[in-house]
Amino acid sequence: MKVLVTGAAGFIGFHTARALLDRGDTVVGIDNLNDYYDVELKKARLSELEGRKGFSFHKIDIAERDAVAALFGLENFDRVMHLAAQAGVRYSIENPQAYIDSNIQGFLNILEGCRHHAIAHSVFASSSSVYGANTRMPFHERDGADHPLSLYAATKKSNEMLAHTYAHLYRIPLTGLRFFTVYGPWGRPDMAPFKFTKNILEGKPIDVYNHGNHARDFTFIDDVVEGVIRTLDVTASPDPDWSSEKPRADTSSAPYRLFNIGNNQPVSLAAFIETIEDATGKKAIRNLLPAQPGDVPATSADVDALTDAVGFKPSTPLDVGLHRFVAWYRAFYKI
């Protein structure tokens, strides 16, 4: 099977591409290698893939319509795993245009490629951020997600709406995955596990927003990739029980599905920091700060729908995952 993986030099994209190659699939990766965070880390991930049998790479910005169209015309993809996006809640406050270019225009370009080349199934990355002001937990895909608290979240919710429209109009099978705070080896430098580990090991203070009262459903990367690939293999289909009088948000009369991918075990930020302290063997210097605009106070995933559909539920305990992340960090940065 030939799979297009967008964002192949990114955190989740890299791990997904590697897992697909491990099972014998052909992978075409694309990425624009932008400088939102350390480009050298992106190149290092890419170097782990390049040279492997079945992998090829194109440096492409998904916001460039002609380049994306040409790629779809050149290759004969069986599936598309769309993971490229401008990430980050706080950065979206400073640079909103980047999110419209990548997450809206870029996603539309991918959908158009799927439409014109009869892709059998496409899976795209959404986010737990779409739940926004909703405080009923655990979050279920059927719950309302109409009050985003950041532009990043708004673009991800827009992706879900665009995908449903394309599934309805063109009968393109599309599945959205709402990721819940993914972490692990090769993780992003703008995420708390990376920033906290780096500063703790260097003896520098860590910024603890909302005075540590946040809670997050931290999900280990291996669990996420397992869920991603299983979902890619189960083509979205119309829900025969879907009713327009009582519409569900997660299924449709179109070939469209939405799933949460989370660990279903939310952890307070304070407990999270303590676990990193244990993994590093050093105490953190905490700089307690008020909550940041756009942050939600807590996330927790109901993953029953994912389990029912693909037979898998994330389960890696936080202490296991963080110890593996810290071990990777020490090895990669030679600490």
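Of note:
- Along each principal axis, taking the top coordinate minus the bottom one, the Cα set of segment 125-250 gives 57, 31, 23 Å in descending order.
- Bins of 5 Å from zero: percent of alpha-carbon pairs in segment 80-175: 2, 14, 24, 22, 18, 13, 6, 1, 0
- Each of 77, 62, 92 was placed along the dipole of segment 29-118 (beta-carbon charges, centred on the mean Cα), and the one lying farthest toward the positive end is 77.
- D by Stokes-Einstein for segment 20-156, Kirkwood Rh over Cα pairs, 20 °C, 1.002 mPa s: 129 µm²/s.
- Equivalent ellipsoid semi-axes - Cα gyration tensor, segment 208-335, angstrom: 35, 20, 11
- For the chain, the solvent-accessible area with a 1.4 angstrom probe is 42 square angstrom per residue.
- Note on segment 119-169: Rg/Rh from C-alpha atoms, Kirkwood Rh, equals 1.01.
- Its relative contact order, with pairs defined as Cα atoms under 8 Å and 6+ residues apart, puts the chain at 18 percent.
- Distance from segment 183-241 to segment 43-61 (C-alpha centre basis), Å: 23
- Cα radius of gyration and Dmax for the chain (Å): 19.2, 59
- Per-residue accessible area (protein heavy atoms, 1.4 Å probe) orders 285, 30 as 285, 30, starting from the largest.
- Across all Cα atoms of segment 289-335, the radius of gyration (one decimal) and Dmax (whole number) stand at 16.4, 43 Å.
- If you bin all the Cα-Cα distances of segment 153-199 at 10 Å, starting from zero, the percentages per bin are 23, 31, 24, 17, 4.
- Cα-based reach from residue 204 at 23 Å (exclusive), listing lysines while leaving out same-chain residues under 8 positions away: 195, 282, 283, 334
- Cα-based reach from residue 2 at 16 Å (exclusive), listing lysines while leaving out same-chain residues under 8 positions away: 53
- Prolate/oblate/rounded label for segment 17-73 (Cα gyration tensor, a/c 1.5): oblate
- When a 1.4 Å probe is rolled over the protein heavy atoms, the share of accessible surface on the chain that falls to carbon and sulfur comes to 50 percent.
- Surface listing: 140, 211 arranged by accessible area from highest to lowest gives 211, 140, probe 1.4 Å.
The values are calculated or read from the model by the stated rules, or taken from the named source; none is laboratory data. Small disclaimer: the values here were computed from a predicted structure and weren't measured. Heads up, the Cβs are rebuilt from the backbone with ideal geometry, glycines too, and the neighbour counts pull from every protein chain shown. Quick note on the areas: whole protein, heavy atoms, side chains included, nothing else; ligands and nucleic acids left out. Shrake-Rupley method; radii C 1.70, N 1.55, O 1.52, S 1.80 Å.
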